[in-house]
Amino acid sequence: EKPVIDFAYASVVSIKRIKKGEKFSRANIWVKRPGTGPIFAEEYESVIGKTASKNIDIDSHIKYEDIF
């Protein structure tokens, strides 16, 4: 149960710097606890393949306005 709980209470964050126009991928985003960001772990797969609307620093919560 612990891995499920950890994933369920996490938010989507950048794990690398992401440039405006770059696609979100498993190489540049992941989910981390605590789940205080606006995009929860359950939405992670839906963010993959979308485009960044601005430059995003490493270890930043991904926000809906960051997705183009």
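The values are calculated or read from the model by the stated rules, or taken from the named source; none is laboratory data. Everything numeric here is computed off the predicted structure, so don't read it as measured data. Accessible surface is based on the protein model in full, side chains and every heavy atom, while ligands, DNA and RNA are left aside. Shrake-Rupley method; radii C 1.70, N 1.55, O 1.52, S 1.80 Å.
Okay, here's what the table says:
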read-out	value
Percent carbon-and-sulfur accessible area, the chain, ignoring ligands, DNA and RNA, probe 1.4 Å	58
Lysine pairs with alpha-carbon atoms under 25 Å apart, the chain, spacing 8 or more or separate chains	22
For the chain, alpha-carbon Rg and Dmax in angstrom	11.2, 37
Theoretical ellipticity at 222 nm over the chain - DSSP helices of four or more residues, -39500 (n - 2.57) apiece, nearest 500	-3500 deg cm²/dmol
Accessible surface, the chain, averaged per residue in Å² (probe 1.4 Å)	66
